[in-house]
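The values are calculated or read from the model by the stated rules, or taken from the named source; none is laboratory data. The structure displayed is predicted, hence computed values, not measured ones. All Cβ positions, even for glycine, are placed from backbone atoms using ideal geometry, and neighbour counts span all protein chains on display. Ligands, DNA and RNA are excluded from the accessible area calculation, which covers all protein heavy atoms including side chains. Shrake-Rupley method; radii C 1.70, N 1.55, O 1.52, S 1.80 Å.
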Amino acid sequence: MADILQNVMDHAVAVARKAGEVVREALSDDRKVMTKSSAVDLVTQTDQKVEKLIIQSVKEKFPQHRFIGEESVAAGEPSILTDDPTWIIDPIDGTTNFVHAFPFVAISIGFTINKRVEVGVVYSCLEDKMFTARRGGGAFCNGEPLQVSDQTDVHRSIIATEFGSNRDPEVVDKIFSSLRNILSLPVHGVRGAGTAAVNLSLVASGCVEAYYEMGMHVWDIAAGSLLVLEAGGIVMDVDGGDADLMSRRILAANNRSVALRLVEQIAPYRPDRDDVKKISGKWW
Ligand SMILES: O=P([O-])([O-])O[C@@H]1[C@@H](O)[C@H](O)[C@@H](O)[C@H](O)[C@@H]1O
Ligand SMILES: [Mg+2]
Ligand SMILES: [Mg+2]
């Protein structure tokens with residue numbers, strides 16, 4: 001197992017770095033913007049090109065492995081997580097940032113066996129920060145070990161979250177009531193990098209105490225959730241229950257004390273799960 005995981009880690013780092021070069025080069029091109037689930041859920045040809053590059057390179061080295069890729073799922077591939085070795089890929093996490101040249105854009109590659117993340121790689125390619133973690137092996141940024149913040153007082157914390165791309169009025173109301181509750185605790189501040197993976201790397205780096213969101217997807221959080229765990233943090237559902245990669249809900253924090261104070265303030269809702277999709281009238 002250790003050899004396989006080291007081979008996976010080495011390959012994920014190498015292909016994430018190559019993908020980062022493609023993204024940086026594309027920043028100087030005209031970026032043709034398309035939309036997916038809403039007018040603000042953006043995708044570009046670079047997202048699609050990078051995902052193809054990653055999957056093709058993994059298939060050559062690990063032909064038996066499975067994939068859940070954001071843009072493959074958008075094109076109709078199922079996002080079912082099995083016990084098989086699976087690469088969970090977000091080719092560009094922060095596409096809206098990429099379109100606007102806002103400087104937080106990441107390639108996120110998680111690797112699971114038996115539905116558990118064993119390797120996580122998040123390459124924040126405009127910052128040139130390679131975040132890596134192996135289960136039980138610690139979390140690192142460009143080779144330097146990461147440790148979550150030791151702050152236990154939520155009032156002295158910065159909390160990260162995102163507004164997402166769902167503009168249904170009832171969802172927007174939930175987002176803002178959670179935000180109002182947390183801001184009024186009070187906390188030192190609320191931030192959002194515009195990418196779940198970078199937000200999770202900020203928790204792992206001790207720069208923010210927690211990140212929560214509802215509506216993001218498994219490819220946004222698979223790699224980053226392991227960064228947080230291996231940096232000494234915790235990951236759970238926004239209601240305090242067990243973390244569930246496919247639920248599209250996450251609360252990642254430096255410790256339980258801060259996490260549970262946030263659970264009390266978050267107005268939860270349940271997005272459609274990543275592994276439950278209507279395809280040609282059937283549910284799977
Ligand atoms: O689409 P993308 O840039 O890969 O991923 C983004 C996520 O990282 C973010 O957490 C979410 O709020 C955005 O709506 C978007 O889904
Ligand atoms: Mg994403
Ligand atoms: Mg993406």
Item to complete: Could you identify the single residue in 224, 233, 241 that is of a type in the set (Gly, Ala, Ser) and more than 21 Å from residue 139 (Cβ to Cβ)?
Response: 241
Worksheet entry | Top-ranked residue in region 94-113 [being of a type in the set (S, T, N, Q) and touching a Pro at 6+ places or on another chain (Cβ under 9 Å); ranked as nearest to ligand 2 (Cβ to nearest atom)] | 108
Practice prompt. Go through (1) away from ligand 1 (no atom under 12 Å from the Cβ); (2) within 18 Å of the chain's Cα centre (by Cα); (3) under 24 Å from residue 166 (Cβ atoms) and name the single condition residue 31 misses.
Written response: (2)
Worksheet item: In this structure, does residue 22 turn out to be in contact (Cβ under 8 Å) with a residue 24 or more places away in the chain, assigned to a helix (DSSP H, G or I) and either on the phi < 0 side of the Ramachandran plot or surrounded by 14 or more Cβ atoms within 10 Å (Cβ to Cβ) (or both)?
Response: yes
Fill in: Tally of residues being outside any strand (DSSP E or B) and charged (D, E, K, R) across region 126-143
3
Item to complete: Select, from 156, 167, 134, 180, the only residue that is surrounded by 14 or more Cβ atoms within 10 Å (Cβ to Cβ) and away from ligand 2 (no atom under 16 Å from the Cβ).
Response: 134
Worksheet item: Which number in (1) closer than 20 Å to residue 129 by Cα; (2) part of a helix (DSSP H, G or I); (3) touching a Ser or Thr at 6+ places or on another chain (Cβ under 8 Å) marks the one condition that residue 104 misses?
Response: (2)
Worksheet item: When you scan region 183-201, how many residues do you find that are surrounded by fewer than 24 Cβ atoms within 10 Å (Cβ to Cβ) and touching a residue at least 40 places away in the same chain (Cβ under 8 Å)?
Response: 2
Practice prompt. Find the residue count for region 202-238, including only residues that are part of a helix (DSSP H, G or I) and either more than 10 Å from ligand 1 (Cβ to nearest atom) or surrounded by fewer than 24 Cβ atoms within 10 Å (Cβ to Cβ) (or both).
Written response: 12
Worksheet, complete the sentence: Within region 183-202, restricting to residues that are touching a helix residue (DSSP H, G or I) at 6+ places or on another chain (Cβ under 9 Å) and away from ligand 2 (no atom under 16 Å from the Cβ), the one that is nearest to residue 139 (Cα to Cα) is 191
Discussion item. Looking at 94, 76 in this structure, which one is more than 30 Å from residue 142 (Cβ to Cβ) and among the small types (Gly, Ala, Ser)?
Written reply: 76
Practice prompt. Just name the residue that is farthest from residue 33 (Cα to Cα) out of those in region 48-74 that are in contact (Cβ under 8 Å) with a residue 24 or more places away in the chain and open to solvent by 60 Å² or more (accessible area, probe 1.4 Å).
Written response: 61
Worksheet item: Can you tell me which residue in region 74-92 is farthest from residue 25 (Cα to Cα), limited to those that are within 12 Å of ligand 2 (Cβ to nearest atom) and either of a type in the set (Phe, Trp, Tyr) or in contact with a Phe, Trp or Tyr (Cβ under 8 Å, 6 or more places away or on another chain) (or both)?
Response: 88
Worksheet item: So is residue 73 more than 21 Å from residue 164 (Cβ to Cβ) and of a type in the set (Val, Ile, Thr) or not?
Response: no
Discussion item. So, in region 85-116, exactly how many residues are of a type in the set (Val, Ile, Thr), open to solvent by less than 10 Å² (accessible area, probe 1.4 Å) and away from ligand 3 (no atom under 14 Å from the Cβ)?
Written reply: 2
Worksheet, complete the sentence: Matching residues in region 252-269 (touching a helix residue (DSSP H, G or I) at 6+ places or on another chain (Cβ under 6 Å) and hydrophobic (A, V, I, L, M, F, W, C)) number 5
Worksheet, complete the sentence: residue 123: passes all of (1) in a loop (DSSP other than H, G, I, E, B); (2) of a type in the set (Ser, Thr, Tyr); (3) within 19 Å of residue 218 (Cα to Cα) but (1)
Discussion item. If the requirement is being more than 27 Å from residue 99 (Cα to Cα) and basic (Lys, Arg), which of these qualifies: 248, 256?
Written reply: 256
